[in-house]
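Student: Shown below is the structure under consideration.
Derivation of every value follows stated rules applied to the coordinates shown; laboratory data play no part. Please read these numbers as outputs of a predicted model, since none were measured by experiment. Virtual Cβ from ideal backbone geometry, glycine too; neighbours counted across all protein chains shown.
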C-alpha cells in the first residue's frame with residue numbers, strides 16, 4: 001500500500017489548456033504572481049515506488065490502482081540503475097525513510113534488439129517498449145527480468161522522514177547525489193511561458209531521444225504550494241501532463257461492427273487493416289455513435305486517417321474521400337441487437353442507441369465483469385474468461401446468481417481444477433461483506449464512478465434512502481448534476497434493478513454504512529507524523545485522524561496543528577519547534593483520538 005497515493009495526472013492537449021491550468025492555480029491561490037514550475041519529459045513506461053530504510057532498498061511496488069500496487073522488489077533489484085543502497089558520503093545526512101518514485105522503461109534500441117531475439121526464437125514480439133517494460137517487470141521469475149534491458153528514471157517522492165526539501169527542483173538535484181538516475185532533460189521554468197517553450201523544444205527533439213515520450217509533465221516547484229493546492233478526486237491540482245499531438249496514419253476500413261456494452265449501449269467499431277502508430281499496431285477503433293459516423297461520412301471500404309488520441313486510444317479522424325471507388329458502403333446501426341435480437345432504441349436527447357433487453361448476454365457479461373472488478377466487489381480469481389463461460393453455460397443470469405454457485409458447478413467447467421473452484425467460491429463468499437460506496441459503484445449505474453459512489457454513500461448511509469431519492473434532492477449535492485441525478489433515479493425506479501438488489505440481500509450481501517466522521521476537536525485539524533511509530537502503522541494513524549474529521553499532511557507549515565513524533569524524528573520535528581506547533585508523543589496522540 002502506498003503511504004501517499006500515486007495519483008494519475010490530468011491531461012492537456014493545447015497551449016490554451018496549459019495557460020488555463022496556470023490561471024486556475026492563481027485563482028485558487030488568490031495570487032497573480034508568476035508560478036515557478038519544473039518541466040520533465042513524460043516517459044511512456046511503468047510507474048513504481050521504492051522504499052529505502054536508512055539508505056537500503058526495502059521494498060518496491062508498481063503503481064497499481066494508485067493505492068495498492070504489486071510487490072516487484074526482487075525484479076527491481078535486477079535493474080542496474082536501481083541503487084540497492086544510497087551512494088553517499090558517510091558524513092552526509094540521509095533520510096531514515098525515503099519513498100522514491102520512478103518510471104521503468106526500455107530504450108528503443110534495446111527494445112528492437114529484444115524483439116529481434118524473440119522473433120529468432122519463435123516467441124511473440126512485444127507491441128511497444130512500454131508493454132515490453134511492463135511485461136518484464138511483472139515476471140514471476142526475476143532471473144528473466146534480469147535478462148531484460150530495463151532502465152529507470154526517478155521523478156518524485158512519497159513520504160520522507162529525517163530529511164526535508166522545500167522544492168521539487170531541490171528533490172531532483174539531490175536524488176542523483178544518492179545514486180538515483182534523474183532525466184537530464186528536466187528544466188526549471190520561471191513562468192508558464194517558459195513551460196510552453198520547453199514543450200515545443202521537447203516536441204522537436206522527441207524523435208532523437210533513445211526512449212519514448214508522449215508529452216511533458218509540469219509540476220509546481222514549491223512544495224509548500226503543492227501542499228496548499230492539494231488534490232482533486234484522483235489527480236493532484238498542482239501538476240498536469242501536456243501531451244504531444246497524436247501521430248497519424250492511413251489505413252482502410254474492412255468492416256464496421258456494432259458492439260454491446262454493459263448498459264446496453266451499442267457502439268460501432270471500425271475493423272481496419274493493421275497500421276502502426278507510435279510503435280503500436282492498431283486494427284480497431286471506436287466510431288462512438290451514428291451521429292459521429294454521419295458527420296464524418298465514414299463508410300465500410302473507406303481509406304481513412306487514424307490517430308491515437310493522447311497517444312493511447314485509436315480514433316478515426318476522417319475519410320480520404322478522393323480515394324473512393326464507389327464500392328464503399330454506408331453504415332447504419334441495426335434496429336435489432338446483434339447479440340440477442342431485441343429492439344434497439346435511441347432515447348430523445350441521446351446520441352447512443354441501446355438494446356432494451358436487460359438480460360442480453362452481452363450486457364450481462366460486462367455488468368458481471370464490472371460487479372466483480374477489484375474496485376467494486378473485488379472477487380479475486382473471477383476473471384473475464386470465466387465470467388463469459390459461466391454466462392454461456394447458463395450458470396448465471398444476473399450478478400445475484402454468483403452467490404448461488406457451488407464448487408461442483410465450477411469444477412465441471414473445462415480446465416477448472418477443484419482447488420481453483422474452491423478458491424473462487426471462497427472469494428465470492430468473502431465479497432458478501434462490502435462497504436456501501438463499493439456496492440453502489442458495483443451496481444454499474446451510468447455516470448456513477450468511484451468518486452460519485454463515495455459522495456452518495458456519505459450522503460445516504462442507508463441504501464434504501466438513496467433508492468427513494470428524487471432528482472431534485474440529488475442535484476442539491478455538490479458534484480452531482482442533472483444528468484447524473486436523472487441516471488440514478490432512472491436506475492432505482494426500474495423494477496428489475498430493485499428486484500436484483502432484493503435478491504442480493506437475500507443471498508447474504510451485507511452492506512456496511514460509511515463510518516461517520518465524529519465532530520470532535522480534530523475537526524479541521526491538520527496532523528503531520530514524523531519518526532518511527534511503535535503503536536500504529538502510518539496508514540492506521542492516518543485513517544484514525546481522518547475518521548475523526550482531521551487531515552494528514554506530509555509536510556510541516558504554519559497551517560499544521562499537531563506534529564506527532566515517534567522514535568528518531570526528522571527535520572519536521574525541528575521545523576515544528578521553530579514554528580511553535582504543538583508536538584505530541586504517541587501516548588498523547590492516543591489520548592486525543594480516544595472517544
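Student: Can you sort 451, 370 from fewest to most other Cβ atoms within 10 Å of each residue's own Cβ?
Tutor: On the way: 451 14, 370 18.
By the 10 Å Cβ count, ascending: 451, 370.
Student: Could you give the nm distance between label points at residue 203 and residue 426, where each point is 7 Å from its Cα heading toward the beta carbon?
Tutor: 5.5
Student: Something else about it: Report relative contact order for the range 434-512 in percent, whole number only (criteria: Cα-Cα under 8 Å, sequence separation at least 6).
Tutor: Once divided by the residue count of the range 434-512, the mean separation gives 36 percent.
Student: Ranked highest first by average number of other Cβ atoms within 10 Å, how do 69-75, 501-507, 301-307 line up?
Tutor: 301-307, 69-75, 501-507
Student: Just one of [x] 3, 12, 16, 15, 15, 16, 13, 7, 2, 0; [y] 3, 17, 27, 26, 17, 6, 2, 0, 0; [z] 3, 13, 20, 26, 23, 12, 3, 0, 0 is P(r) over Cα pairs in 10 Å bins from 0, in percent as worked out from the coordinates here. Which one is it?
Tutor: Comparing each candidate, only [z] matches the computed number.
Student: If you find the alpha carbon centre of the range 521-565 and of the range 201-222, how far apart are they in angstrom?
Tutor: 36
Student: I need 315, 433, 120 ordered by Cβ neighbour count within 10 Å, fewest first.
Tutor: Lowest to highest Cβ neighbour count: 120, 433, 315.
Student: With an 8 Å cut-off on Cα pairs and a minimum separation of 6 or more residues, tell me the relative contact order of the chain in percent.
Tutor: It rounds to 11 percent for the chain.
Student: So if I take the centroid of the Cα atoms in the range 45-70 and the same for the range 319-356, what is the distance between those two points in Å?
Tutor: Taking the Cα centre of the range 319-356 as reference, the centre of the range 45-70 is 46 Å away.
Student: Taking the Cα centroid of the range 448-492 and of the range 83-138, what is the distance between the two, rounded to the nearest whole Å?
Tutor: Here the two parts' Cα centres lie 44 Å apart.
Student: Determine the gain in length on full extension of the stretch residue 397-residue 475; use 0.36 nm per residue of separation and subtract their C-alpha separation, reporting nm with one decimal.
Tutor: Here the answer is 24.7 nm.
Student: What number, rounded to the nearest 500 deg cm²/dmol, is the helix-based mean residue ellipticity at 222 nm of the chain, given -39500 (n - 2.57) per DSSP H run of at least four residues and division by all its residues?
Tutor: -9500 deg cm²/dmol
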